[in-house]
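A short write-up of the structure that comes next.
Nothing in this text is a laboratory measurement; each read-out follows from the coordinates by a stated rule. Keep in mind the model is a prediction, meaning the values are calculated, not measured. Glycine gets a Cβ as well: all are built from the backbone with ideal geometry, and neighbour counts include every protein chain shown.
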Amino acid sequence: MKGKLPRKSFFTRILVSYLCFILISLISSAMIYRLASTRLIEKTTSSDYAAFRQFYAVVDQELRNAADKVTELSQDYSGFLTLLEKASAKSASGYTSYQIRQRLRMVASNSLGDMFVYLPNDQKVVSGCYSVLSVSDYFRTYYIGEVDYEALFQTEGLYTLSPLKMNLDRETLALKAFVFTPKTYPVICVLNPNSLQEQISYLEQNTGGNILVTDFDGNVLLRSSLLSDVDVTGLSLQDGIQRITLDGRIFIAFRQTSTVAACRYISLIPIEAMEQSLSYFSLYTALNILVICLFGVLLAFLLSRYNYRPVSQLVKSAALLGGTKQPQVDGEFHYIETIMENAITEKKQYLSNLSEIQQVRRFNGILNLINGSIPPKATLESVFSDIGKPLISHRFAVIFFRIEDWNDEIFSQSFADERPMLAKIILPNVVEELYNEKDRGYVIHTEHNQFICLVNLAAETDLEDLRNIAQHALDFLWEQMGISCTAGIGTLCENIREIRLSYNAARRAEEYKIIAGTGRVLCYQDLTPTAGAYEFVSAAAIRMLLTHYVKDGNASPDEVFDEIYARCFGDRGVTTPEIARSFIFDLCTQVNELLSELNDQSGSVPPEHLFDLNIETYKSLDGFREYFIRRMTDVRREYSEHHPVKGLGLRIREFIEENYGNVNLGVNEIGAHFQLSPSYCSKIFRQETNQGIPEAICAVRINHACHQLTDSQNSLEQIADNCGFSSSTVFIRSFKKLCGVTPGSYRKLMQDAKKK
């Protein structure tokens, strides 16, 4: 709407012809309104239908993308389908579920809120975004209301939709599909609720329409909040545009059937919304009448003094420059000044918007290069024209940066929420500045802690140069900015189609941080993975080491970890990230099983001491080792506080009395019985009895031998065997050492004493 021209301070009268111009404006406006109102309704309907078809196309495309993701998984015979078969086996490990989750995460796109598969054998749901949980726990944790997941997982119908309400009260749609192996596995693709709501909000704001998504039976799967008071039961429509009546209200209805899923999209626009547009036109017509009336004033103005004519022309020019943002001010010159200031502001805003558009084009161009999503006939020149940067050569390499940590001395915890925004500003500027000295780097931000740098290499740049600059960037970011990063360098390439391979190599190199450690530059060409097999040491052996540490505490936690590591890998060490993650997962599982057992027995180990089974938590083996040492130290302390060792010596002595006849009875057998180390048992026994275990065993055996020498006629060989001595010789020697006489002499003395 046009603003009023500034008030003319020197105008003193209104011309008589003003009334004539008002009459002309009324007549002309009435004619224009009559002719244009009908046209406006038709144009509004056509515009709203175009907006609805855009909504349909966007949502249907997201459904098609989701269906394509399921098709991709169905064709992955050597990967995903094999994992599903392994997961159905009785001996399946938790790591298999973790691998399935990683595969789902790799396949899922930003248009999906989640992508999960149901494993009927374990009654578990494996999600690409969330934890591996039982069916009931998964839907209770991440969704609101009662979810009929049994119906959701039924195999009837392919690519059907189901409504879901996620946490934070966000409604969305779930596309149901299936992956077929010897068993059928339901795969559910949950559309991104934010993206879906954004499309619905856009349509509502631009058309005033309301959105329904129904199945072919007319059941409502999703509806906008504006339709909460409208009864849509039994709604019968045809594809296209039509006028209907619901609850006494007239609607313009648009319907379109999905080309992917068994659903229909419906938009209902109240006729009053159309009439509102017409009312706006009526208002504009009235304003036009007012403007026409003002022309009468302008006519009087033309009859005014001659020296005002230049000022009048200047005011009109300023009005044209101001467009729709003309300010309402007093005074011609103030008006002109304000219009010029507004024009300058609008120009700055335009330049800012243009810069943002260029950034988006640059992001999409680089993303298409690393994903291989480029037209068959595309050239580097054509692709880089979208990026907006000139080429310096046809040589490229990709560097993958991942932020690992922040220096709390520079970025305190109070700035935790601002860290992602700061990273998006700091890291690209630093990296691009370093690479632009000779080469040319283009950095894009993909996730909250991940950055991709496409380097256009100069002719003389080699891999070592890339490594040095990347290391310089890491040092600068940590020393000056307090940001710790790991960088993976991909292969050098001279073909537009090989950029994707360089990106994959950079991602693979970065994964080796779990072996080499974080905060380093890792080159793909330096990797020498071997096919060394990894088999976790038996659970019993690991359990014994962990049990002895927790209960005895003789060894340090770092010694326990190093012993387990040495038993698993020996001198060959860890060869691949997958083996490292398997080792961490298996060890965490064994520790958690032991701690759960101890807690069930006595409640001495709180649940908070359980190890996190999310492998992504542990960025490197060294970091996991530190975590293991710290956590197991806490476990040992908690256990010691609840398990005093008093009374152990008495229990050992009772055990000796019960088993003295066992020739193999010794410190090792006693330690195994009490699930303690032999040295720990010996230490505690000596502290309580001031006697060693071997001496106690021998004393008990000699005591029982004395009774048999007195009360029986058994031979020395028989008595030695009964009392646990390995031979009569050992028995005689031990008896004489303890009693001062031989067994035969002792028997004679006791017989003589009885005769007396």
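Listing for the model above:
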| quantity | calculated |
| --- | --- |
| For I656, I244, order by how many other beta-carbon atoms lie within 10 Å, fewest first | I244, I656 |
| Which of K619, K165 has the fewest Cβ neighbours within 10 Å, and the rest in rising order | K165, K619 |
| Relative contact order, percent, the range 178-262 [alpha-carbon distance under 8 Å, six or more residues apart] | 15 |
| Approximate spin-label separation K755-M31, in nm, with each point projected 7 Å along Cα-to-Cβ | 15.9 |
| Under the Karplus curve 6.51 cos²θ - 1.76 cosθ + 1.60, θ = phi - 60°, whole-Hz ³J(HN,Hα) for the range 648-661, x wherever Gly or Pro sits | 5, x, 5, 5, 5, 5, 4, 5, 5, 4, 7, 10, 4, x |
| Among the listed pairs K43/K165; K69/K438; K683/K736, those beyond 30 Å (Cα-Cα) | K43/K165; K69/K438 |
| Footprinting exposure proxy for T710, T207 (fewest neighbouring C-beta atoms within 10 Å first) | T710, T207 |
| Protection proxy ranking, peptides 566-575, 700-709, average beta carbon neighbours within 10 Å, highest first | 700-709, 566-575 |
| Neighbourhood charge, 10 Å Cβ-Cβ cut-off, centred on V232 and excluding it, Lys, Arg +1 and Asp, Glu -1 | -1 |
| L133 long-range amide H proximity, modeled H, under 5 Å | V125, S127 |
| The range 648-755 - percent relative contact order, Cα under 8 Å, separation 6 or more | 25 |
| Computed E for D475/L391 - FRET, C-beta separation, R0 51 angstrom, nearest 0.05 | 0.95 |
| In order through the range 134-140: 3J(HN,Hα) via Karplus (6.51 cos²θ - 1.76 cosθ + 1.60), integer Hz, x for Gly, Pro | 5, 4, 5, 5, 4, 6, 5 |
| Interchain or long-range residues, amide H under 5 Å from L246's placed H | F251 |
| Rounded FRET efficiency, nearest 0.05, which uses the C-beta distance separating T547 from S715 and R0 of 51 Å | 0.70 |
